[in-house]
Amino acid sequence: MNKNIGKNLPKSVVFTIAIIVSVAAFVGIATFFMMHVYSQLTSVTEEYVEDITGKKTVYVNDLIQQDFNLMEKLADSLNDYQKKDSDYLHEALERIIDINGFLNFAVIKPDGTIISHHGPSANVSNREYFTVSIQGEKFFSVPIYSNSDQTMVNVISVPIYNGEEIVGVVSGLRSVTYYTDEVNLAVRGKVNNANGYIINSSGEIIISGEDVLPDNVISPDTDSFFDSAFMTAAGSKEISRITAEFSKKESHGTIKANINNNVYIAHYTTLSAKDDLHYVIIYDESAVFSDLFGYMGSNIIMYVFFIGVIIVMVLAYFFTMRKNIRSLSNANEIMSKIAYEDRITGYNTYSKFEEEANELMKRGYARYCFVSFDIDKFKTINDMFGHEEGNRVLKVVAETINRNMQDRETFARVNSDNFFMLLAYQDEADITDRIKKIISAISYEFTDFVPVLSFGIYKVIDKNMSIMRMGDCADVARRTVKYTEESSYAFYTAGMMDIIREEKAIENEMQDALDSNEFSVYLQPKFSLSGPARLTGAEALVRWVRKGSIVPPGMFIPIFEKNRFIIKLDYYILDQVCMRIKKWESEGISDILVSVNMSRVHLRDPEFVDKLHNICRSHAVSPNMIEIEITESAAYDSMDVLIDVVRDLKARGFHISIDDFGSGYSSLNMLKDLPVDVLKIDRVFLTETNNKRANEIIGHVIKMARALGMETICEGIETDEQAQLLRSLGCDMAQGFFFARPMPCDDFERVIESSRKSGKA
Ligand code: C2E
Ligand code: MG
Ligand code: MG
């Protein structure tokens, strides 16, 4: 059974591993899929952002480039402005203003005086745009206040060349709102989540888009981008990196800053229109990725949900599995107890014994003998002293055997009172010593009665023979020692197997034998002991004439009792006897009482008495011509049933005798409730005729029977001496070889005849 647990566990472990691997694979794949989707979406979003910012940068660059182009073209057209009068210049500039939406243009002389514009003349020699451009550089200014336009403007200035010589500067004013509109960036149509800036290499914010980012990112008052909250949050390393980046002629990159758990990202690109200007777009990552996050959010919820469901399923599976495994192992434990532990003795069952015996013989080099033993008439012990006592006897026997076991030996109670032992031995003397030792150890345990044990010993020759077959051989040997008075043993011999074969053959043939009248009735005369021996009746004893020779009942009756064929046979014998009695009646013989043996097996049939009665009726034979012999041992099955049956039989008119009285564990006590006519004293008492005590017992039994109104008959009288003894003890009748052997009915009729003659004589 433990093997089963062993088999079950690995299976469930394999299954569990398979579940874990599948779940892990599922979680792995789901996670990979999630990550993949996330990275795909991220890169798509990033591409989208790059696309937008790239296009926007190009656009802004183009815008500024156009302005510079325009200014340069203007400067070109004014290379000889010194030769023109101021009205002409004024008019020319006014015309361009209308076309390009500039607020104003001015031509500035190298000394800083504005010679043509629509506002009041002024000197701008200290303005940065002038100082830079007069040096030959184009310039784009931070927003400054224009006195003439009374608004904040960006000034764009370029030098005016006349050949190689710088002869002045031309400046154009753009209202700051012009650029703020253009550099602005609103991501996904939302405001205040992104903005664009044009910043110069020193970090000054030249143009700021109109979508103002929160103050904690970049405030409108911030003069330098490097001082902005955004850059501060990005860190000093980033500030220095970007400072260096901005000083390059061409740069492009990203800056990230985490502000209050909100990530802001800036993309910067140096404008090709003017390499100290950089277009910077700053946006709130969550705004840009909001759809992605939304999408991923629902994905994650789904993912978490599925993982949750799987975890719940796996947990449920594990709990059920654990419960199942527990109840399985409990069941296995109980089963293995049932299978391996004998409930009465607490020692091995046959299954366990079989396993151990096989194991021992496989491993050991010792010689082994297989011993089968049982307790004679154990059923009687059970019936007379109760089942508890019976069980106690089995337990004491098992414990004693256990104490007498040596290393590499085993034993078990096989069934009822039958035990098997596997003993190691050196030589035959060894075995008999062990058996004798066990017999005396068991006797030592009992005081009230000593169980009589029969041992059958099979010396194992072939260790590969099945345990069952070894058991059969030992059983065969054991059966040959049955019904002795003391515990004894027999070794198995090859011839014993023939007995088993013979038993099988008997079973196969019995029905045919009955149908073809192979069973016949022998009669053994019974004689009265009072006065000269007088024929009083006979006992019907079955004989099987099989293949020309007579088989004694001892060979087949025990088999028929086991397979219940005895029921048919007994009715057949009664039938034959009735026929004989009927015949005698017709011959005027009516004083011979014939006893018929009825097996104890009948007592289980509630219609038994009716059936007997019917047989007699069918031959018109009165039951009082018949005596029914029931063995003493029938009392062990159920005393109550026996009493009922005996009373019923008596009521129908049958005579009744208790057969084999004294052969078992029965007592005189049982007789007082049984209304029997005759007590048949078993011949075991006669085997000890010289034993004074045995004689006293017979005398006592006879007296007791008489006191109860019963007659006594002693069976098995073989000598005159025995006959004399019984007569002297007051026994009423005798039956035995000394008087006559069982004989065919025809022979018996001659005995009747001669007895009549001698009676008459
Ligand atoms: P039982 O009923 O006790 O029958 C007496 C047995 O003792 C007979 O054995 C008989 O042959 C034998 N016997 C008689 N006188 C002597 C003697 O002086 N010395 C010795 N050693 N034996 C003697 P048998 O015929 O072999 O029958 C054996 C048992 O088989 C019977 O014992 C009875 O229990 C049973 N039996 C016989 N015929 C029938 C039957 O028709 N039905 C049933 N149910 N049992 C039967
Ligand atoms: Mg008998
Ligand atoms: Mg008898």
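The values are calculated or read from the model by the stated rules, or taken from the named source; none is laboratory data. Nothing here was measured: the structure is a model prediction, and the numbers come from that model. All Cβ positions, glycine included, derive from the backbone under ideal geometry; neighbour counts span all protein chains shown. Ligands, DNA and RNA are excluded from the accessible area calculation, which covers all protein heavy atoms including side chains. Shrake-Rupley method; radii C 1.70, N 1.55, O 1.52, S 1.80 Å.
State, to one decimal in nm², a quarter of the convex hull surface area for the C-alpha atoms of the range 520-618, i.e. the direction-averaged projected area.
The Cα convex hull of the range 520-618, projected and averaged over all directions, gives 8.2 nm².
Where does each of LEU70, LEU453 land when they are ordered by accessible area, with a 1.4 Å probe and the largest first?
These residues rank, largest area first, as LEU70, LEU453.
Just by accessible area at a 1.4 angstrom probe, what is the order of TYR48, TYR350 from largest to smallest?
The most accessible residue leads, giving TYR48, TYR350.
Using the charge dipole of the range 427-500 (Lys, Arg: +1 at Cβ; Asp, Glu: -1 at Cβ; taken about the Cα centre), state which of PHE449, ASN464, ILE500 has its Cα farthest towards the positive end.
Working it through, the farthest residue towards the positive pole turns out to be ASN464.
Give the residue from VAL309, ASN330, ASN382 lying farthest towards the positive end of the charge dipole for the range 304-432; charges sit on Cβ (+1 for Lys and Arg, -1 for Asp and Glu) and the dipole is referred to the Cα centre.
After comparing all options, I get VAL309.
Tell me, how many Å apart are the Cα centres for the range 167-238 and for the range 240-295?
Centre-to-centre (Cα) distance: 11 Å.
For the pair GLU509/ASP427, report the inter-label distance in nm, with labels modelled 7 Å from Cα in the Cβ direction.
4.3
Within the chain, what whole-number % of the accessible surface is contributed by carbon and sulfur, with the 1.4 Å probe and all protein chains included in the calculation?
54
Out of THR222, ASN195, THR254, whose Cα points farthest toward the positive end of the dipole of the range 169-254 (charges: +1 Lys, Arg; -1 Asp, Glu; placed on Cβ)?
The residue sitting most towards the positive pole is THR254.
Measure nothing but the geometry: give the 0 to 90° angle between the long axis through the Cα atoms of 692-707 and the longest principal axis through the Cα atoms of the chain, rounded to 10°.
90
Any chance you could check the Cα centroid distance between the range 120-143 and the range 62-96 for me, in angstrom?
One Cα centre to the other: 15 Å.
What figure, in Å² to the nearest 10, do you get for the accessible area of ASP215 with a 1.4 Å probe and non-protein molecules left out?
The value for ASP215 is about 100 Å².
Just to compare against my own numbers: the Cα pair-distance distribution for the range 595-751, 5 Å bins, whole % per bin, please.
2, 9, 17, 20, 18, 15, 11, 6, 1, 0
So, for the range 247-367, what is the accessible surface per residue at a probe of 1.4 Å, expressed in square angstrom?
59
So how strong a dipole does the range 376-525 carry about its Cα centre when Lys and Arg Cβ are +1 and Asp and Glu Cβ are -1, to the nearest 20 debye?
580
Would you mind working out the accessible area per residue for the range 607-679, using a 1.4 Å probe, and quoting it in Å²?
Solvent-accessible surface per residue comes out at 37 Å².
Which order do peptides 257-267, 368-378 fall in by mean Cβ count within 10 Å, highest first?
Per-residue Cβ counts within 10 Å, averaged per peptide and sorted highest first, yield 368-378, 257-267.
Placing unit charges on C-beta atoms (Lys and Arg positive, Asp and Glu negative, everything else neutral), compute the dipole magnitude of the chain about its Cα centre in debye, rounded to 20.
4340
Can you tell me which of 727-735, 38-46 comes out highest on packing, and rank the rest after it, using the mean Cβ neighbours within 10 Å?
The most tightly packed comes first, giving 727-735, 38-46.
Place a +1 charge on the Cβ of each Lys and Arg in the range 301-387 and a -1 charge on the Cβ of each Asp and Glu, then give the dipole magnitude about the Cα centre in debye, rounded to the nearest 20.
So the dipole magnitude of the range 301-387 works out to roughly 340 debye.
Could you let me know the centre-to-centre spacing of the range 444-464 and the range 722-745, using Cα atoms, in angstrom?
If you average the Cα positions of each part, the centres end up 37 Å apart.
Restricting attention to the range 479-551, which GluC sites (Glu not before Pro) occupy a DSSP loop and are surrounded by at most 14 other Cβ atoms within 10 Å?
Of the GluC sites (Glu not before Pro), the ones in loops of the range 479-551 whose Cβ has at most 14 other Cβ atoms within 10 Å are GLU485, GLU486.
Once the Cα gyration tensor of the chain is found, what semi-axes does its equivalent ellipsoid get, as square roots of 5 times the eigenvalues, in whole Å, sorted largest first?
That gives 138, 26, 20 Å for the three semi-axes.
Can you list the residues, at least 5 places off or on another chain, whose amide H is less than 5 Å from the amide H of GLU711, using H built in the peptide plane?
Amide H to amide H, under 5 Å and 5 or more residues apart or across chains, GLU711 pairs with VAL678, LEU679.
Could you rank the peptides 81-87, 454-460 by their average count of other C-beta atoms within 10 Å per residue, with the highest value first?
454-460, 81-87
May I ask you to give the solvent-accessible area per residue for the range 437-581, in square angstrom, as obtained with a 1.4 angstrom probe?
Computed with neighbouring chains in place, this is 48 Å² per residue.
Long-range amide H contacts for THR151: which residues qualify at under 5 Å (H placed 1.01 Å from N, peptide plane, sequence gap of 5 or more or a different chain)?
Answer set, sorted by chain and number: SER146.
Would you mind getting me the FRET efficiency between MET302 and ASN262? Use the beta-carbon distance for r and R0 = 30 Å, nearest 0.05.
0.70
Counting alpha carbon pairs within less than 8 Å and at least 6 residues apart, what relative contact order, in whole percent, applies to the chain?
Here the relative contact order equals 7 percent.
Rounded, prolate or oblate: which fits the range 15-156 when a ≥ b ≥ c are the square roots of the eigenvalues of the alpha-carbon gyration tensor, with rounded for a/c under 1.5 and prolate only if a/b beats b/c?
Taking the square roots of the gyration eigenvalues as a ≥ b ≥ c, the range 15-156 is prolate.
Normalising by the residue count of the range 218-331, find the relative contact order in percent from Cα pairs under 8 Å and 6+ residues apart.
Relative contact order, the range 218-331: 14 percent.
What lysines could a cross-link reach from LYS256, if we take a straight Cα to Cα line under 29 Å and drop same-chain neighbours fewer than 8 places away?
LYS55, LYS56, LYS190, LYS237, LYS248, LYS274
Would you kindly find the accessible area of CYS714, with a 1.4 Å probe and non-protein molecules such as ligands, DNA and RNA excluded, rounding to the nearest 10 Å²?
Near enough 0 Å² of accessible area.
Determine the order of TYR572, TYR197 by accessible area, beginning with the largest, at a probe radius of 1.4 Å.
In descending accessible area the options line up as TYR572, TYR197.
I want to check the label-to-label distance for ASN216 and ASN691. Put each point 7 Å from Cα in the C-beta direction and report it in nm to one decimal.
Distance between label points: 11.6 nm.
If I fit a long axis through the Cα atoms of helix 745-760 and take the longest principal axis of the Cα atoms of the chain, what angle between them do I get, 0 to 90°, rounded to 10?
Its long axis makes an angle of about 30 degrees.
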